[in-house]
Amino acid sequence: MAARAYWQGQIRLALVSIPVEIYSATKSGASISFKQIHEPTGKPIHYEKVVTGVGPVDVDEIVKGYEVSKGEYVLLDQDEIDAVKLESKKTLELTQFVDAHEIDVLYYEKPYFVVPADDLAEEAFIVLREALRRAKKVGLGQLSMRGREYVVSLKPCGRGMVLETLRYADEVNKAQNYFREIPDQQPDAELLDLATALIDRKTAPFDAQQFHDRYVDALKALVERKRAANGKKIIEDKETGGGRSGSNVVDLMAALKKSMEKGGGGTTTGAANDTDAPAKKSPAKKPAAKKPAAKAEPEPASAKKPAARKRA
């Protein structure tokens, strides 16, 4: 395997130990980075390690320190930190199993691929993978990586398994602190039906390839235009790309109905027929609209007044 293992150790379930290797399941996508430049000279800005009253210092003179009180530090060498004994540095012990839906999505942090370390580990690895699959459970344990101990989950994924680091409880904000001001009420039934129909129309299988970072594309295009303009300042039109955020509040019912009429590349045949029906009926209504105009020829205003008196 070409990639370098992020972690090597063993998964332990009771008395069974399975040597495994863990690889990062994600990578950095397309991005564009900027450097700080000294405008008068066009040269990049550099940063130096400096000590107040001393000035720049050599990297070899720098150690890690923990502040125990204002201005007082306990200094630690990297060797001392690495020597801290923690079993989870080399062993992931599965201590609990839960249903996947019991773990709130807020706790998931980063995924890793898990593979057997060698041929001898394959049989035990496959047994654990299939046992998790049959039980429809996720294994939980703790694992130390890169100077930190994580809570992790383990579940089957194709021929291998996926380990996901989880956030600790104190790292997740409580939702009620943000949601308590939202009214606890049921929406209008017709509005709900329209919104559901719109969701159904736009429902399709997830395909990550359909999405890409449009901001990166726009920045790259800006860089090219800037080069072509020989450094001349370029300001994008603020109105470009639509200004929905600045529009006034519109009637929700009308907005949902209009969204349905637009279709939006709908895939449901029934929904498409519903939106076609009003369009077919509209031409038939045009002749009917001409009749009131013929009656109103003498004087529309005076013609309406007698009718109003009769009703009185």
- Enumerate the strands (runs of 3 or more DSSP E) found wholly within the range 109-194, keeping only those where 2 or more residues are under 20 Å from residue 96 (Cβ atoms) and under 21 Å from the mean Cα position of the chain (by Cα). 148-157, 160-166
- Scanning the range 2-37 residue by residue, those exposed (fewer than 10 other Cβ atoms within 10 Å of the Cβ) and over 30 Å from residue 212 (Cβ atoms) turn out to be 14, 15
- Look through 191, 120, 94, 143 and report the one residue that is touching a helix residue (DSSP H, G or I) at 6+ places or on another chain (Cβ under 7 Å) and closer than 14 Å to residue 10 by Cα. 143
- Item | Of all residues in the range 1-46 being in a strand (DSSP E or B), among the small types (Gly, Ala, Ser) and within 33 Å of the chain's Cα centre (by Cα), the one that is farthest from residue 218 (Cα to Cα) | 9
- Message: Name the single residue that is nearest to residue 143 (Cα to Cα) among those in the range 73-93 being loosely packed, with under 12 Cβ neighbours inside 10 Å and in contact with a Gly (Cβ under 8 Å, 6 or more places away or on another chain).
- Response: 81
- Message: Condition first: at pLDDT 90 or above and of a type in the set (A, V, I, L, M). Now tell me which residues in the range 63-86 satisfy that.
- Response: 74
- Query: Quick one: what pairs do we get from the range 93-110, first residue touching a residue at least 12 places away in the same chain (Cβ under 8 Å) and closer than 22 Å to residue 125 by Cα, second in a helix (DSSP H, G or I) and hydrophobic (A, V, I, L, M, F, W, C), C-beta under 8 Å, 6+ apart or different chains?
  - Reply: 97/132; 97/135
- Note on the structure: In the set 33, 69, 24, 28, the lone residue that is closer than 30 Å to residue 123 by Cα and of a type in the set (Gly, Ala, Ser) is 24
- Within the range 153-211, can you find the residues that are surrounded by 10 or more Cβ atoms within 10 Å (Cβ to Cβ), of a type in the set (A, V, I, L, M) and farther than 30 Å from residue 134 by Cβ? 172, 175, 191, 192, 194, 195, 197, 198
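The values are calculated or read from the model by the stated rules, or taken from the named source; none is laboratory data. Remember, it's a predicted structure, so these values are computed and weren't measured experimentally. So basically every Cβ, Gly included, is an ideal-geometry build from the backbone, and we count neighbours across all protein chains shown.
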